[in-house]
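Here's the structure we're looking at; comments come further down.
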Amino acid sequence: ERYDNTNLAARVASYELAYKMQASAPEAVDVDKEPGHIKDLYGMDGSNTEDFGRKCLLARRLVERGVRFIQIYSGGHHNDNNWDAHGDLVKNHSYHAGNTDKPIAGLLKDLKQRGLLDETLVVWGGEFGRTPMAQGNGRDHHIKGFSIWMAGGGIKGGISYGNTDELGYNAEEN
């Protein structure tokens, strides 16, 4: 009788893949070797854009190396050190937008100039919007009306999909 070693072969292949990934990671994540003009494009020259710029530049490097799904977080902390501000919305969103605007624009420009944007879909969004009316000290989470944007990956620019009612409370279309 022949011994079936399919499981063993699959396990060996997964270990070999894990090794290859670990062996190539140090080079892939070394953004410090990027030229100065690229670092500037991502805002790595500014203290408020440095962190998110590094994440966006790393994302581009991973796209170049064939990584098929990359997720970047902005915020993610508790209290007002994230996008989920219940307090001073203008202060909070100005802070977070100031940290992310230049780096994400740099990522899109860099992907485009390298010919990678057409095959890379960039999705920007959160998990909820805000109610259109004040509730207590602020506006509550809202799942019926919020925005995301997408770029690249064959997405036609300037398209808006879906509408809410005139107050922005209920989804009325799509």
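Test of understanding: in a Gaussian network model of the chain with alpha carbons linked when under 10 Å, which of L108, L116, L89 would top the mean-square fluctuation ranking?
In the Gaussian network model the winner is L89.
State which stretch of the chain is the longest one without any exposed GluC sites (Glu not before Pro), exposure meaning a DSSP loop state and at most 13 other Cβ atoms within 10 Å.
Working: sites that count: E1, E127, E166.
In short, 2-126.
Can you tell me what percent of all Cα-Cα pairs in region 108-174 are more than 20 Å apart? Show your work: numbers first, answer last.
Working: 988 of 2211 pairs.
Tail of the P(r) past 20 Å holds 45 percent of the pairs.
Would you grab the residues whose amide H sits under 5 Å from the one on T164? Only those 5+ places off in sequence or on another chain, please, with H modelled 1.01 Å from N.
Residues meeting the amide H criterion: E172.
To the nearest 20 Debye, how big is the dipole of the chain about its Cα centre, given +1 on the beta carbon of each Lys and Arg and -1 on that of each Asp and Glu? Can you show the working numbers first?
Values: 20 positive and 25 negative charges, 85 e Å.
The calculated dipole for the chain is roughly 400 debye.
Report D for region 1-81 in µm² per second (integer): Stokes-Einstein, Kirkwood Rh on Cα pairs, 10 °C, 1.306 mPa s.
Once the numbers are plugged in, D ends up at 101 µm²/s.
Taking all protein chains as present, what is the carbon and sulfur share of the accessible area of the chain, in % to the nearest whole number, probe 1.4 Å? Kindly include the intermediate steps, with their values, before the conclusion.
On the way: 6580 of 12520 Å².
For the chain, the apolar C and S fraction of the accessible surface comes to 53 percent.
Given the options N82, N163, N99, state which has the largest fluctuation in a GNM of the chain using a 10 Å cut-off (strictly under) for Cα springs.
N163
Given only helices, namely DSSP H runs of n ≥ 4 each adding -39500 (n - 2.57), what is the per-residue ellipticity at 222 nm of the chain, to the nearest 500 deg cm²/dmol? Intermediate values should be presented prior to the final figure.
Values: 4 runs with 69 residues, N = 174.
Mean residue ellipticity at 222 nm (helix-derived): -13500 deg cm²/dmol.
Which whole-Hz couplings ³J(HN,Hα) result when phi for each residue of region 118-131 is put into the Karplus expression 6.51 cos²θ - 1.76 cosθ + 1.60, θ = phi - 60°, listed in order with x for Gly and Pro?
Coupling constants for region 118-131: 4, 10, 10, 9, 9, 10, 10, x, x, 9, 6, x, 10, 4 Hz.
What Kirkwood Rh does region 41-109 have if only Cα atoms enter the pairwise 1/r average? Answer in Å. Please list the in-between numbers first.
Numbers: mean 1/r = 0.0788 Å⁻¹.
After inverting the mean inverse Cα-Cα distance, the result is 12.7 Å.
For region 115-174, what's the relative contact order in percent, using C-alpha pairs closer than 8 Å and at least 6 residues apart? Kindly include the intermediate steps, with their values, before the conclusion.
On the way: 89 pairs, mean separation 20.6, N = 60.
In percent, rounded to a whole number, it is 34.
Given H placed 1.01 Å from N in the peptide plane, which residues other than close sequence neighbours of T49 have an amide H under 5 Å from its amide H?
none
Give me the one-decimal Kirkwood hydrodynamic radius in Å for region 32-174, with the sum taken over alpha-carbon pairs. Let's see the in-between values first.
Working: mean 1/r = 0.0592 Å⁻¹.
For region 32-174, inverting the mean 1/r across all distinct Cα pairs yields 16.9 Å.
The values are calculated or read from the model by the stated rules, or taken from the named source; none is laboratory data. For clarity, every value in this text was computed on a predicted model and none was experimentally measured. No Cβ is skipped: glycine too gets one built from the backbone with ideal geometry, and neighbour counts run over all protein chains shown. What goes into the accessible areas is simple: the full protein's heavy atoms, side chains included, and nothing from ligands, DNA or RNA. Shrake-Rupley method; radii C 1.70, N 1.55, O 1.52, S 1.80 Å.
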